[in-house]
Amino acid sequence: MRQAKGLIVLLLGAGLQHAGPAMAQTAGAPIAGRFEIAAGAAWTGTAPVGARDATLTAADGSRFRLFSTSSELTSAAGAELRIGARVAAAVDVEVTASYSVPRLTTRVTADSENSAATTASEPIGQLMIEGAAVIYLPRRLGSRLVPFATAGGGYLQQLDERQTLLQRGRVVHLGGGVKLPLMSRAAGQRRLKQIGVRVDVRALVRPAAVTLDDRAHIAPTVAASLYVRF
């Protein structure tokens, strides 16, 4: 989390120091340009993925617990790429691809033979491809920050280190963020319309398809990127 905060502060600080006065935006649009490409880093917080008991069937038909397990995906930093387009004056749609390698950590407790609790961990390659809508809010924060809300969802694939366990499922997210234009050009001045810094804060929900207890779990996500609009 400290690394993600440091990256966000660095990008925003650089933008506030070097941003010149913005020129006219596209008529009726809070951000210049119709198309956007953004690349940067993202951090996803720790999230539980479920708890289960290992059991046996006794002679009388009852279930006998051998041990209990609880698992979580640890926090991890990764890379993120976005491609978007304006579809209305204050609305963009975008596609995002991201990759990170959290660790799947499982703790084994309540062993029937009174063994000490143990923990096992392995890296999990995690690929997400999402579609989302970005809605720009009517008021700016200060003179330059452009706030927005975002919601979307898509596909999640997780693959263990040995590439033997593949799990697929859906993800959805809800959040928001700000954009800080560093340089803008008025309509009609060259193809490049704007360069800026973008910060996103989202709640990422992994439905039952990628958990161990058939429940949805939420993880916080923070991303910082540099964007270019055309």
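Kindly provide the set of residues from segment 158-179 that are closer than 15 Å to residue 101 by Cα and at pLDDT 95 or above, ordered by number.
None - no residue of segment 158-179 is closer than 15 Å to residue 101 by Cα and at pLDDT 95 or above, so the list stays empty.
Would segment 142-165 turn up any residue that is in contact with a Pro (Cβ under 9 Å, 6 or more places away or on another chain), of a type in the set (Lys, Arg) and farther than 20 Å from residue 226 by Cα?
Checking segment 142-165: not a single residue is in contact with a Pro (Cβ under 9 Å, 6 or more places away or on another chain), of a type in the set (Lys, Arg) and farther than 20 Å from residue 226 by Cα.
Considering only residues of segment 157-186 that are of a type in the set (S, T, N, Q) and open to solvent by 20 Å² or more (accessible area, probe 1.4 Å), which is nearest to residue 129 (Cα to Cα)? Spell out how you get there, then give the answer.
Going residue by residue through segment 157-186, those that are of a type in the set (S, T, N, Q) are 157-158, 163-164, 167, 184.
This time we only want the ones that are open to solvent by 20 Å² or more (accessible area, probe 1.4 Å), so: 157, 163-164, 167.
Details: 157: 9, 163: 20, 164: 21, 167: 14 Å.
Among those that are of a type in the set (S, T, N, Q) and open to solvent by 20 Å² or more (accessible area, probe 1.4 Å), it is 157.
Which condition breaks for residue 178 when tested against (1) outside any strand (DSSP E or B); (2) of a type in the set (Val, Ile, Thr); (3) closer than 24 Å to residue 32 by Cα?
Every condition holds for residue 178 apart from (1).
I want to confirm something. Restricting to segment 118-145 and keeping residues that are within 24 Å of residue 163 (Cα to Cα) and of a type in the set (Gly, Ala, Ser), which single residue is farthest from the chain's Cα centre (by Cα)?
120
Could you identify the single residue in 182, 212 that is modelled with pLDDT under 90 and in contact with a Gly (Cβ under 6 Å, 6 or more places away or on another chain)?
Details: 182 fails: modelled with pLDDT under 90.
None of the other options fit; the residue is 212.
So that you can scan it fast, the table gives a plain yes or no per residue for (1) part of a strand (DSSP E or B); (2) open to solvent by 80 Å² or more (accessible area, probe 1.4 Å); (3) of a type in the set (Lys, Arg); (4) out of contact with any Gly (no Cβ under 9 Å at 6 or more places or on another chain):
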| site | (1), (2), (3), (4) |
| --- | --- |
| 124 | yes, no, no, yes |
| 139 | no, yes, yes, yes |
| 143 | no, yes, no, yes |
| 150 | yes, no, no, no |
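Please go through segment 140-175 and pick out each residue that is under 23 Å from residue 33 (Cα atoms), without any contact (Cβ under 8 Å) to a residue 12 or more places away in the chain and among the polar types (S, T, N, Q).
143
The values are calculated or read from the model by the stated rules, or taken from the named source; none is laboratory data. This structure is a prediction, so every number in the text was calculated from the model and none was measured. All Cβ positions, even for glycine, are placed from backbone atoms using ideal geometry, and neighbour counts span all protein chains on display. Accessible surface is based on the protein model in full, side chains and every heavy atom, while ligands, DNA and RNA are left aside. Shrake-Rupley method; radii C 1.70, N 1.55, O 1.52, S 1.80 Å.
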